[in-house]
Amino acid sequence: MMRSYYLFALSFFVLLLDFYCYKAIIKTFKNWSVTTKRNLGFIWFAFSILLIIGVFAAIFLNLFLSLRAVILVAFFLSVVAKVFMLPFLMIDDLRRLFILIFNLKKNSQTKQQTNKTSKELTNQTPNQHISRSAFLTKAGLIAAAVPLSSLSWGIISGAYDYNIKRVKLVLPNLPKAFDGIKLAQISDIHSGSFYNKTAVKGGVEMLMAEKPDFVFFTGDLVNNLTNEVKNYQDIFAKIKAPLGVYSTLGNHDYGDYYYGRESSPAKVKNLQDMIIVHQQMGYDLLMNENRRLKVDGEEIGVLGIENWGMGRFPKYGKMELAIKNTEDLPVKLLLSHDPSHWRGEVLKKYSDIDAMFSGHTHGMQFGVRLKEFQWSPVQYIYKEWAGLYVEKQQQLYVNVGYGFLGYPGRVGVLPEITIFELKRS
């Protein structure tokens, strides 16, 4: 019910936005014939209405995944382009409003003066090659084209352009038997967003070609429901490693965004199905528990907790359970989906956690990642959002994700497979 309310509100906003942008374009291109304007109006609004109907169908009906992806992508790009155009149109309307108010205050002036200000209002002065209104509207169209083209390229090129990040992870207390061992991490698969099975398989093959000794998956296998992974389960089941594949749950894996926070039989079953899927894929799902990795008689600890987030994100994680009976282990590696858990609890209470591995942020799927510099709007929300962070003797690595959510692409922040080499120094 709540989803329907939000969708209707969004639809109403989109139609208002369409009408506003359409009227501005028509006023700018005054030389167009009546027939041209009428045809444009029909195409403009028919396209928008069909997209809105398509969004409802994509969300509430069992459409083919590829068709659903096309609809949602088209809707997303259409709205983003118009939103970028909006500020220019609003500036022009505000300018017109100020001129109108100014003219009303001069109602005692002569007819000649009135005519002069009227010409100013419509920006048709003889010395101008292009009116201010036309300039602002056309600037808005150009502004709309910039995100439309870049985001389109991010869909075509960035969504499945898997990028291997290599990180040397120095752990001073690492047992000698583990020195030089290889760990792989992926995160935020979001299988409900995929529309290219071949590309997804290619990414898994890239991971397996690295021959990791063990693998971490740090949550968000799906967007909302466990059955979203059905078409991709066989691909991710191919991820294997001699010392095991260890996983944890992310905020999207519980069904909270579909069923709500309150428990229900359907929601409980959805979570049970999620646990079964991890087992079927051969992943050792850690839900507030730990495992001991043994190599040549020496051990390190792998801990995993359920989602522990700040603010509106759920806190199901219980560190006191995850760390139980690990006092004797020289190194403890923690899987925790949300990086805010590191600063929110781990640094404060658990100084014996050597390194934590997270995902969640996606790097907002937009930004810049260079060797010596990185930026994304998400850094204004999360202090730790991508890459390696060190505070005193503790470390955090944030993987920007294997998949995508919402926007079906990536610009500058590519999907990531992280390969760690564990070293004593």
Checklist outcome for this item: Selection from the stretch 292-312 of residues part of a strand (DSSP E or B) and closer than 17 Å to residue 350 by Cβ yields 300, 301, 302, 303, 304, 308
Item to check | Filtered residues of the stretch 335-352 (kept if under 18 Å from residue 252 (Cα atoms) and either not hydroxyl-bearing (Ser, Thr, Tyr) or not assigned by TED's automatic domain parsing to the domain that holds residue 408 (or both)) | outcome: 335, 337, 338, 339, 341
Checklist entry - Does any residue in the stretch 353-369 that is in the same structural domain as residue 395 (by TED's automatic domain parsing) come within less than 6 Å, Cβ to Cβ, of a residue that is basic (Lys, Arg) and part of a strand (DSSP E or B) six or more places away or on a different chain, and which pairs are these? => result 353/332; 354/332
Checklist outcome for this item: Taking the stretch 1-36 and keeping residues part of a helix (DSSP H, G or I) and either of a type in the set (Ser, Thr, Tyr) or more than 19 Å from residue 82 (Cα to Cα) (or both) leaves 2, 3, 4, 5, 6, 11, 20, 22, 28, 34, 35, 36
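Among the residues of the stretch 28-57, write down those that are out of contact with any helix residue (DSSP H, G or I) (no Cβ under 7 Å at 6 or more places or on another chain), over 17 Å from residue 78 (Cα atoms) and not hydroxyl-bearing (Ser, Thr, Tyr). Let's see the steps before the verdict.
Taking the stretch 28-57 as the starting set, the residues that turn out to be out of contact with any helix residue (DSSP H, G or I) (no Cβ under 7 Å at 6 or more places or on another chain) are 29-36, 38-40, 42-43, 46-47, 49-50, 53, 57.
When the remaining residues are screened for being over 17 Å from residue 78 (Cα atoms), the result is 29-36, 38-39, 57.
29, 30, 31, 32, 34, 38, 39, 57 - these are the residues of the stretch 28-57 that are out of contact with any helix residue (DSSP H, G or I) (no Cβ under 7 Å at 6 or more places or on another chain), over 17 Å from residue 78 (Cα atoms) and not hydroxyl-bearing (Ser, Thr, Tyr).
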Checklist entry - Can residue 283 be described as of a type in the set (Phe, Trp, Tyr), touching a strand residue (DSSP E or B) at 6+ places or on another chain (Cβ under 9 Å) and closer than 16 Å to residue 217 by Cβ? => result yes
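Here are 262, 327, 320, 298: which of them is of a type in the set (Asp, Glu) and at pLDDT below 95? So that I can check it myself, show each step before the final result.
Working: 327 fails: at pLDDT below 95; 320 fails: at pLDDT below 95; 298 fails: at pLDDT below 95.
After applying the criteria, what remains is 262.
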Item to check | Residue in the stretch 388-409 that is at pLDDT below 95 and of a type in the set (S, T, N, Q) present | outcome: yes
Checklist entry - Any idea which residue in the stretch 351-360 is nearest to the chain's Cα centre (by Cα), counting only those that are outside any loop (DSSP other than H, G, I, E, B) and under 9 Å from residue 339 (Cβ atoms)? => result 358
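May I ask you to verify whether residue 245 is surrounded by 14 or more Cβ atoms within 10 Å (Cβ to Cβ), over 22 Å from the mean Cα position of the chain (by Cα) and assigned by TED's automatic domain parsing to the domain that holds residue 193? First the steps, then the outcome.
Working: surrounded by 14 or more Cβ atoms within 10 Å (Cβ to Cβ): yes; over 22 Å from the mean Cα position of the chain (by Cα): yes; assigned by TED's automatic domain parsing to the domain that holds residue 193: yes.
Criteria met by residue 245.
When you look at residue 363, is it on the phi > 0 side of the Ramachandran plot, within 18 Å of the chain's Cα centre (by Cα) and crowded, with 19+ Cβ neighbours inside 10 Å, yes or no? Explain how you work it out, then say what you get.
Working: on the phi > 0 side of the Ramachandran plot: yes; within 18 Å of the chain's Cα centre (by Cα): yes; crowded, with 19+ Cβ neighbours inside 10 Å: yes.
In short, yes.
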Checklist entry - Looking only at the stretch 1-42, which residues are over 30 Å from the mean Cα position of the chain (by Cα), surrounded by 14 or more Cβ atoms within 10 Å (Cβ to Cβ) and aliphatic (A, V, I, L, M)? => result 24, 25, 26, 40
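Considering 218, 198, which residue is under 26 Å from the mean Cα position of the chain (by Cα), surrounded by 22 or more Cβ atoms within 10 Å (Cβ to Cβ) and within 26 Å of residue 364 (Cα to Cα)? Steps first, please.
Details: 198 fails: surrounded by 22 or more Cβ atoms within 10 Å (Cβ to Cβ).
Just one listed residue meets the conditions, 218.
When the stretch 377-401 is examined, which residues are found to be under 17 Å from residue 367 (Cβ atoms) and among the hydroxyl-bearing types (Ser, Thr, Tyr)? Steps first, please.
Within the stretch 377-401, the subset under 17 Å from residue 367 (Cβ atoms) is 377-389, 398-401.
Of everything in the stretch 377-401, those that are under 17 Å from residue 367 (Cβ atoms) and among the hydroxyl-bearing types (Ser, Thr, Tyr) turn out to be 380, 382, 389.
Evaluate the following for residue 347: is it aliphatic (A, V, I, L, M) and in a strand (DSSP E or B)? I'd like the intermediate steps shown before the answer.
Working: aliphatic (A, V, I, L, M): yes; in a strand (DSSP E or B): no.
Considered against the rule, which asks whether it is aliphatic (A, V, I, L, M) and in a strand (DSSP E or B), residue 347 comes out as no.
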Checklist entry - Which ones in the stretch 248-289 are touching a Ser or Thr at 6+ places or on another chain (Cβ under 8 Å), over 21 Å from residue 399 (Cα atoms) and either polar (S, T, N, Q) or exposed (fewer than 13 other Cβ atoms within 10 Å of the Cβ) (or both)? => result 270
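The values are calculated or read from the model by the stated rules, or taken from the named source; none is laboratory data. Fair warning: this is a prediction, and the values are worked out from it, not measured in the lab. With ideal geometry, Cβ positions are generated from the backbone for all residues, glycine too; neighbour counts draw on all protein chains shown.
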